[in-house]
Amino acid sequence: MATRLTLTFDNGPTAGVTDRVLDLLAERKLRTTFFVVGLRLRDPARRGLAERAFAEGHWIGNHTLTHGVQLGQTTEAGAPGTEIGAAQELIGALAHPDRLFRPYGAGGVLDDDLLSAAAVRYLETGGYSCVLWSSVPGDWIPAVDWVERCLSDVRAQDWPLVVLHDVEGCALARLPELLDRLAEMGIEPTQELPEACVPIRRGVVRGPLDHLVKRAQPRSGW
């Protein structure tokens, strides 16, 4: 069973959701990472939520510009610069020093649709840290008891990195329940990131990438 757990939130910021998630985290003195969708920061109200999260000690990560392009699927040469670089520019001074980047996973699948060889080179050159996950309990699926799914992952893993979502109809309604259940198990979420979920840190490949990168010809070294 886990002794540590890292909570992260994807796809925001969202007015009426992210602010309430921040309220809950503040009440419990917890800090986390918000992986934001770059285009959403063009809305001043949404950017204000990211600025609040940053001011309260949460880390701000990059979750692509559009949340619509899987880098391993596209053949567009400029895709890494657009989906990673343009989003990072919008995040600007809110960015974590490690330039945290989470690829779009289309439901949380860890496969070679996540990244391309060009995207890996872009992350290396830009000094980014690629942050993946080990628990995606499905808080966006109405028929799923995502709290129980998350707790099942907690029981099965030493240090799960959980992906929840600060958008409408996702984690917010049951987040207090999850935090209470974790407290009953003696687990307080940490902001730190497990090494197993960070295969690229500060531009240096530190873990296996073969199953995450789509390329025409196999290469050694990843």
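The values are calculated or read from the model by the stated rules, or taken from the named source; none is laboratory data. Since we're looking at a predicted model, the values are computed, not measured. We place every Cβ from the backbone using ideal geometry, glycine too, and count neighbours over all the protein chains shown. Areas reflect the complete protein model, heavy atoms only, side chains present, ligands, DNA and RNA absent. Shrake-Rupley method; radii C 1.70, N 1.55, O 1.52, S 1.80 Å.
Taking GLU56 as the residue in question, decide whether it is farther than 20 Å from ALA173 by Cα, surrounded by fewer than 18 Cβ atoms within 10 Å (Cβ to Cβ) and touching a Lys or Arg at 6+ places or on another chain (Cβ under 8 Å). So GLU56 passes the test. Picking from residues in region 103-149 that are acidic (Asp, Glu) and over 14 Å from PRO208 (Cα atoms), the one that is least open to solvent (accessible area, probe 1.4 Å) is ASP139.
Do you know which residues across region 16-32 are closer than 23 Å to THR190 by Cα and out of contact with any Lys or Arg (no Cβ under 9 Å at 6 or more places or on another chain)? Let's see the steps before the verdict.
Let us first name the residues in region 16-32 that are closer than 23 Å to THR190 by Cα, namely 17-32.
Listed by number, the residues that qualify are VAL17, ARG20, VAL21, ASP23, LEU24, ALA26, GLU27, ARG28, LYS29, LEU30, ARG31, THR32.
Looking at the structure I just gave you, is PRO80 touching a Phe, Trp or Tyr at 6+ places or on another chain (Cβ under 7 Å), without any contact (Cβ under 8 Å) to a residue 40 or more places away in the chain and either crowded, with 18+ Cβ neighbours inside 10 Å or farther than 25 Å from THR190 by Cβ (or both)? Step through it out loud before you land on a result.
Numbers: touching a Phe, Trp or Tyr at 6+ places or on another chain (Cβ under 7 Å): yes; without any contact (Cβ under 8 Å) to a residue 40 or more places away in the chain: no; either crowded, with 18+ Cβ neighbours inside 10 Å or farther than 25 Å from THR190 by Cβ (or both): yes.
Against the criterion (touching a Phe, Trp or Tyr at 6+ places or on another chain (Cβ under 7 Å), without any contact (Cβ under 8 Å) to a residue 40 or more places away in the chain and either crowded, with 18+ Cβ neighbours inside 10 Å or farther than 25 Å from THR190 by Cβ (or both)), PRO80 does not qualify.
Among the residues of region 139-167, those that are in contact (Cβ under 8 Å) with a residue 24 or more places away in the chain and either farther than 20 Å from ALA196 by Cα or part of a loop (DSSP other than H, G, I, E, B) (or both) comprise ASP139, TRP140, PRO142, TRP146, VAL147, GLN157, ASP158, TRP159, PRO160, HIS165, ASP166, VAL167. Among the residues making up region 197-209, a single one is exposed (fewer than 15 other Cβ atoms within 10 Å of the Cβ) and among the hydrophobic types (A, V, I, L, M, F, W, C): VAL204.
When only residues in region 7-18 that are out of contact with any helix residue (DSSP H, G or I) (no Cβ under 6 Å at 6 or more places or on another chain) and more than 24 Å from ARG202 (Cα to Cα) count, which is least open to solvent (accessible area, probe 1.4 Å)? Give the steps one after another, and end with the answer.
Narrowing region 7-18 to residues out of contact with any helix residue (DSSP H, G or I) (no Cβ under 6 Å at 6 or more places or on another chain): 7-11, 14, 16.
Next, only the ones that are more than 24 Å from ARG202 (Cα to Cα) stay: 14, 16.
Numbers: THR14: 16, GLY16: 33 Å².
So the residue we want is THR14.
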